[in-house]
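Chemist: Quick one: the structure is below, and I'll ask about it shortly.
The values are calculated or read from the model by the stated rules, or taken from the named source; none is laboratory data. All figures in this text were calculated on a predicted structure; none of them were measured in a lab. Cβ coordinates were reconstructed from backbone atoms using ideal geometry, including for glycine residues, and neighbour counts include every protein chain displayed.
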Amino acid sequence: MSLLPYALARPFLFGLDAETAHELTMASLAGTQRTPLSLVYCSSRVDDPIELAGLKFANRVGLAAGLDKNARCIDGLAAMGFGFVEVGTVTPKAQPGNPKPRMFRLPQANALINRLGFNNEGLDAFIANVQKSSFRRQNVKHPLLLGLNIGKNAATPIENAVDDYLICLDGVYPHADYVTVNISSPNTKNLRALQSDEALDALLGRIAERRESLAKEHGKRVPIFVKIAPDLDEAQVEVIAATLKRHGMDGVVATNTTLSRDAVKGMPHAEEAGGLSGAPVLEASNRVISQLRAALGKGFPIIGVGGIMSGPDAVSKIKAGADVVQIYTGLIYKGPDLVPQAALAIKKSR
């Protein structure tokens, strides 16, 4: 359990607008990681290892991409007890993202809406930050795994999207334990079109081809996961599952944020454009996970993400078919203690 109860910090953070609170939190993590001040938020890691895609995860709870877009806080996040941390989404060139305001809390629903739009400092800065992190040099039994999440620049036409993904894959490959291809953010124009049959087939074909050459160049085969949306019907999920297997992808991250507002109708900010995350996504995410497991069969790695606010929520993802889970919005509403709580609940559920 962290030294400073999150309940003391939350009223102050929630008194700020959502993006200001986010920036302050990340700056604080970046400034205190690898110092004694990290004791304020550190937790012991629940030991519950699992092997997936040739990787040994220290436990089954990870951080979802989007919180640390620039990979500035890897060591601070690692101190919270995660079994794995995913950072990004990174794009080849730095970009400011969408105009502010672009992040909104819906406290009644334990939810957020964001339309950040892959705001990040670009690939070179991202890699430099990854190289500064010290987690791989820590002598622990099951070291933290690092996932690097890649996307396309907003200015890149969708027909040229594959070029951006390949540039990012080339850059992050030597530094990643696994790479996630993000084709499901609703905040980059036309990005979700890459989930369609022909577009996904073409994209993953090129990524698989490049991965083979990178594996030879670097002497290691880095697993590749693909992150998909919750706003898919069963037929679309089946097509995606078949395409993942056809191109030798190593796993799937299910799911990103949703465009649906059914669960938050009438609430302040409910009609803001962007992706909805948090508790309202739990059911839709679990539905997609269950459909993926049915389509992919046993043994194909699924990372379940969306709506985890408690230990039982995390367990529900495992029961739906996920192998491991990730949290993001739950961390904002519940604080760092959610990490060991979720990891312990999963461990005890088996």
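Chemist: Considering only segment 38-54, state which residues are in contact with a helix residue (DSSP H, G or I) (Cβ under 8 Å, 6 or more places away or on another chain) and over 28 Å from Ile302 (Cα atoms). If you could, list the steps in order and put the result at the bottom.
Modeler: Step one: filter segment 38-54 for residues in contact with a helix residue (DSSP H, G or I) (Cβ under 8 Å, 6 or more places away or on another chain), giving 38, 40-41, 43-46, 48.
Ser38, Val40, Tyr41, listed by residue number.
Chemist: When the residues of segment 264-322 are narrowed to those that are surrounded by fewer than 22 Cβ atoms within 10 Å (Cβ to Cβ) and of a type in the set (Lys, Arg), which ends up nearest to Leu55 (Cα to Cα)?
Modeler: Step by step, filter segment 264-322, then rank; the result is Lys298.
Chemist: In segment 180-188, is there at least one residue being touching a strand residue (DSSP E or B) at 6+ places or on another chain (Cβ under 9 Å), assigned to a loop (DSSP other than H, G, I, E, B) and over 23 Å from Phe126 (Cα atoms)?
Modeler: No, segment 180-188 contains no residue that is touching a strand residue (DSSP E or B) at 6+ places or on another chain (Cβ under 9 Å), assigned to a loop (DSSP other than H, G, I, E, B) and over 23 Å from Phe126 (Cα atoms).
Chemist: For Pro223, only one of the following conditions fails: (1) surrounded by 15 or more Cβ atoms within 10 Å (Cβ to Cβ); (2) of a type outside the set (Lys, Arg); (3) under 21 Å from Ala128 (Cα atoms). What is its number?
Modeler: That leaves (3) as the condition not met.
Chemist: Within segment 48-65, count every residue that is touching a strand residue (DSSP E or B) at 6+ places or on another chain (Cβ under 8 Å) and at positive phi.
Modeler: 1
Chemist: Now for a different question. Hey, Leu144 hits all of (1) buried (at least 23 other Cβ atoms within 10 Å of the Cβ); (2) on the phi < 0 side of the Ramachandran plot; (3) at pLDDT 95 or above; (4) among the hydrophobic types (A, V, I, L, M, F, W, C) but one; which does it fall short on?
Modeler: Exception for Leu144: condition (3).
Chemist: Could I ask something else about it? Can you spot a residue in segment 184-195 that is farther than 16 Å from Arg72 by Cα, of a type in the set (Val, Ile, Thr) and crowded, with 19+ Cβ neighbours inside 10 Å? Quick ask: steps written out before the conclusion?
Modeler: Here is the first cut: in segment 184-195, the residues farther than 16 Å from Arg72 by Cα are 184-195.
Checking which are of a type in the set (Val, Ile, Thr) leaves us with 188.
Those left that are additionally crowded, with 19+ Cβ neighbours inside 10 Å: 188.
Scanning segment 184-195, I find at least one residue that is farther than 16 Å from Arg72 by Cα, of a type in the set (Val, Ile, Thr) and crowded, with 19+ Cβ neighbours inside 10 Å, so the answer is yes.
Chemist: Right, next: Check whether at least one residue in segment 89-106 is crowded, with 22+ Cβ neighbours inside 10 Å, at pLDDT 95 or above, over 23 Å from Gly307 (Cα atoms) and polar (S, T, N, Q), and report yes or no.
Modeler: The answer is yes; a qualifying residue exists.
Chemist: Which residues, taken from segment 323-335, are surrounded by 24 or more Cβ atoms within 10 Å (Cβ to Cβ) and in contact with a helix residue (DSSP H, G or I) (Cβ under 7 Å, 6 or more places away or on another chain)?
Modeler: Within segment 323-335, Val325, Ile327, Gly330 meet the criteria.
Chemist: I would also like to ask the following. If we scan segment 83-99, do we find a residue that is in contact with a strand residue (DSSP E or B) (Cβ under 6 Å, 6 or more places away or on another chain), polar (S, T, N, Q) and not in a loop (DSSP other than H, G, I, E, B)?
Modeler: Within segment 83-99, one or more residues are in contact with a strand residue (DSSP E or B) (Cβ under 6 Å, 6 or more places away or on another chain), polar (S, T, N, Q) and not in a loop (DSSP other than H, G, I, E, B).
Chemist: Could you say which residue among Asp124, Asp163, Asp75 is of a type outside the set (Lys, Arg), within 30 Å of Val40 (Cα to Cα) and part of a helix (DSSP H, G or I)?
Modeler: Only one candidate passes the filter, namely Asp75.
Chemist: Quick check on this structure: which one of Arg45, Arg10 is at pLDDT below 95, on the phi < 0 side of the Ramachandran plot and part of a loop (DSSP other than H, G, I, E, B)? Walk me through how you get there before you give the answer.
Modeler: Numbers: Arg10 fails: part of a loop (DSSP other than H, G, I, E, B).
Step by step, each of Arg45, Arg10 is checked, and only Arg45 is at pLDDT below 95, on the phi < 0 side of the Ramachandran plot and part of a loop (DSSP other than H, G, I, E, B).
Chemist: Could you tell me whether Ala241 is outside any loop (DSSP other than H, G, I, E, B), of a type in the set (A, V, I, L, M, F, W, C) and farther than 29 Å from Ala193 by Cβ? Walk me through it before giving the result.
Modeler: Working: outside any loop (DSSP other than H, G, I, E, B): yes; of a type in the set (A, V, I, L, M, F, W, C): yes; farther than 29 Å from Ala193 by Cβ: no.
When the stated conditions are applied, Ala241 does not pass them.
Chemist: If you go through segment 28-42 one residue at a time, how many are surrounded by 16 or more Cβ atoms within 10 Å (Cβ to Cβ) and part of a helix (DSSP H, G or I)?
Modeler: Summing the residues that are surrounded by 16 or more Cβ atoms within 10 Å (Cβ to Cβ) and part of a helix (DSSP H, G or I) in segment 28-42 gives 5.
Chemist: Kindly indicate whether any position in segment 61-70 is closer than 17 Å to Asn120 by Cα, assigned to a loop (DSSP other than H, G, I, E, B) and in contact with a Lys or Arg (Cβ under 8 Å, 6 or more places away or on another chain).
Modeler: Looking for residues that are closer than 17 Å to Asn120 by Cα, assigned to a loop (DSSP other than H, G, I, E, B) and in contact with a Lys or Arg (Cβ under 8 Å, 6 or more places away or on another chain), one finds at least one in segment 61-70, hence yes.
Chemist: Right, next: Condition first: among the aliphatic types (A, V, I, L, M) and touching an Asp or Glu at 6+ places or on another chain (Cβ under 6 Å). Now tell me which residues in segment 1-52 satisfy that.
Modeler: So in segment 1-52, the residues among the aliphatic types (A, V, I, L, M) come out as 1, 3-4, 7-9, 13, 16, 18, 21, 24, 26-27, 29-30, 37, 39-40, 46, 50, 52.
Passing the criteria: Met1, Leu52.
Chemist: Where in segment 248-350 are the strands (runs of 3 or more DSSP E), entirely inside, with at least 3 residues that are of a type in the set (Gly, Ala, Ser) and either touching a strand residue (DSSP E or B) at 6+ places or on another chain (Cβ under 7 Å) or in contact (Cβ under 8 Å) with a residue 24 or more places away in the chain (or both)?
Modeler: Values: elements: 251-254, 275-278, 302-305, 324-327.
Of the strands (runs of 3 or more DSSP E) lying wholly inside segment 248-350, those with at least 3 residues that are of a type in the set (Gly, Ala, Ser) and either touching a strand residue (DSSP E or B) at 6+ places or on another chain (Cβ under 7 Å) or in contact (Cβ under 8 Å) with a residue 24 or more places away in the chain (or both) span 275-278.
Chemist: If you don't mind, there's one more thing I want to ask. State all residues of segment 317-350 that are acidic (Asp, Glu) and within 20 Å of Cys42 (Cα to Cα); if no residue qualifies, say none. Write out each step before concluding.
Modeler: Initial filter on segment 317-350 (acidic (Asp, Glu)): 323, 337.
Answer for segment 317-350, where residues must be acidic (Asp, Glu) and within 20 Å of Cys42 (Cα to Cα): just Asp337.
Chemist: Go through segment 200-233 and report how many residues are of a type in the set (Gly, Ala, Ser), without any contact (Cβ under 8 Å) to a residue 12 or more places away in the chain and farther than 25 Å from Val85 by Cβ. So that I can check it myself, show each step before the final result.
Modeler: We begin by selecting, within segment 200-233, every residue of a type in the set (Gly, Ala, Ser); these are 202, 205, 208, 213, 215, 219, 229.
Still in the running and without any contact (Cβ under 8 Å) to a residue 12 or more places away in the chain: 213, 215, 219.
With the extra rule that they be farther than 25 Å from Val85 by Cβ, the set shrinks to 213.
Total meeting the criteria: 1.
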